[in-house]
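The values are calculated or read from the model by the stated rules, or taken from the named source; none is laboratory data. In this text, all values refer to a predicted model and were calculated from it rather than measured experimentally. Note: ideal-geometry Cβ built from the backbone for every residue, glycine included; neighbour counts use all protein chains shown.
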Amino acid sequence: MSILFVLEHFHPYIGGAENLFRQLTKELANKGFKVTVITSKHHKSLASIEQIDNVSICRVNCFNRYFFTLMSLPKIFKESRHCDLIHTTTYTAALPAWIIGCIRKKPTVLTFHEVWGDLWFSLPFAKKWSKNLFYWFEQMLLRISFDHYIAVSNYTRNCLIRHHIPSHKISRIYNGLSYEEFSEAKPNVPTHFTFTFMGRLGISKGIDLLLPAAAIFKKKYPDSIFQFIIPKQPSSLFKIVQKRIKSLDLDNWMKIKHELTKDELLEAMRRSSVIVIPSYSEGFCFVAAEASALRIPIISSRMGSLPEVVSGSFIEMKSLSIEALAEALISAKKKDWKQLPVKHFLLSETIKQHMNLYQKLIKQNTIK
């Protein structure tokens, strides 16, 4: 069985979606699937063609993510000739994958991580034209018909249904974790209260709330530590965040880290008193699932799928505001936690559900 993945970004790009497809493609290849990934060449140091863990990777050299929609078409057309199914994801990879899927008459699956709708217009940092562009692009994706949709949480599934995607065409498949890497990684409680933000540098991540809240917390608890672990891309947003950090006089207090390995990320989590997730929306949130697996407490915005994923010790923000986040940090310093049994999202189950779906769709397409 041959699966062609068309993805805007792929390993080594950092993000929840990239983590999902890195794990999924690797496990499928290990199980004997022929797996090819077409993605963007997001950094000039990356090879245009390479093979990692028996996964063939073809990177399209485009100016930025927006050009991937057009510039990937020839490569998708070529590589799709002998594939059995095309799997893509939101946003800019979905349209070219759908076009080629229609031309080749190949079943095409779209993973929808989250549906933002009107949220686009209230998010920080992005320019008005960019918000409008992605809003209308998202609306278009919700109107064209893919053979099947994968929602990574019940929250996302319900959003798709509200946007008139037929429920029988949606499978809820949670993102999965390999829990072996967490089994021996126990919390290493720091001497000084340490709160950590880690993840993709995105406009929905609540960084505009986090930095001012951290400044408030710093005045009350100057001996605390703030670990801020983000990539340097996209560079335009990174520069904005740098300026905000400097204007709030946080630059000599924060521990800012970039491009950590998986082991280094786990170690940073282990040395945290609390992981902070102040997002405006989350389709799944690997950081929440990983922190829960490590028994590290979480501050959660409660938005999107976070109530489905967050477990163990946690505090929920009372509102999406700087004041509410500062209050939550103070509560975390006092260890005023809520408790839930730890939830598990098994990678083996994620792989199994994807494989079953692929086989079902390929069989249906053969019968046609």
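Of note:
- The single condition from (1) farther than 21 Å from Y174 by Cα; (2) modelled with pLDDT of 95 or more that E259 fails is (2).
- Candidates I161, I225, filtered to the one that is surrounded by fewer than 18 Cβ atoms within 10 Å (Cβ to Cβ), touching a Ser or Thr at 6+ places or on another chain (Cβ under 6 Å) and at pLDDT 95 or above: I161
- Search result, residues across the range 13-50 that are crowded, with 20+ Cβ neighbours inside 10 Å, assigned to a strand (DSSP E or B) and not hydroxyl-bearing (S, T, Y): V35, V37, I38
- So L210, is it aliphatic (A, V, I, L, M), over 29 Å from A126 (Cα atoms) and in contact (Cβ under 8 Å) with a residue 40 or more places away in the chain: no
- Matching residues in the range 237-262 - criterion: being loosely packed, with under 12 Cβ neighbours inside 10 Å and either touching an Asp or Glu at 6+ places or on another chain (Cβ under 9 Å) or in contact (Cβ under 8 Å) with a residue 12 or more places away in the chain (or both): D249, K262
- Number of the exception - I277 against (1) surrounded by 14 or more Cβ atoms within 10 Å (Cβ to Cβ); (2) over 16 Å from F197 (Cβ atoms): (2)
- Helices (runs of 4 or more DSSP H) (entirely within the range 254-318) containing at least 2 residues that are basic (K, R): 262-270
- Top-ranked residue of the range 54-84 - restricted to ones that are in contact with a Lys or Arg (Cβ under 8 Å, 6 or more places away or on another chain) and surrounded by fewer than 14 Cβ atoms within 10 Å (Cβ to Cβ), ranked as farthest from F5 (Cα to Cα): N61
- Here L320 meets the list (1) surrounded by 20 or more Cβ atoms within 10 Å (Cβ to Cβ); (2) in contact with a Phe, Trp or Tyr (Cβ under 7 Å, 6 or more places away or on another chain); (3) at pLDDT 95 or above almost entirely, failing just condition (1).
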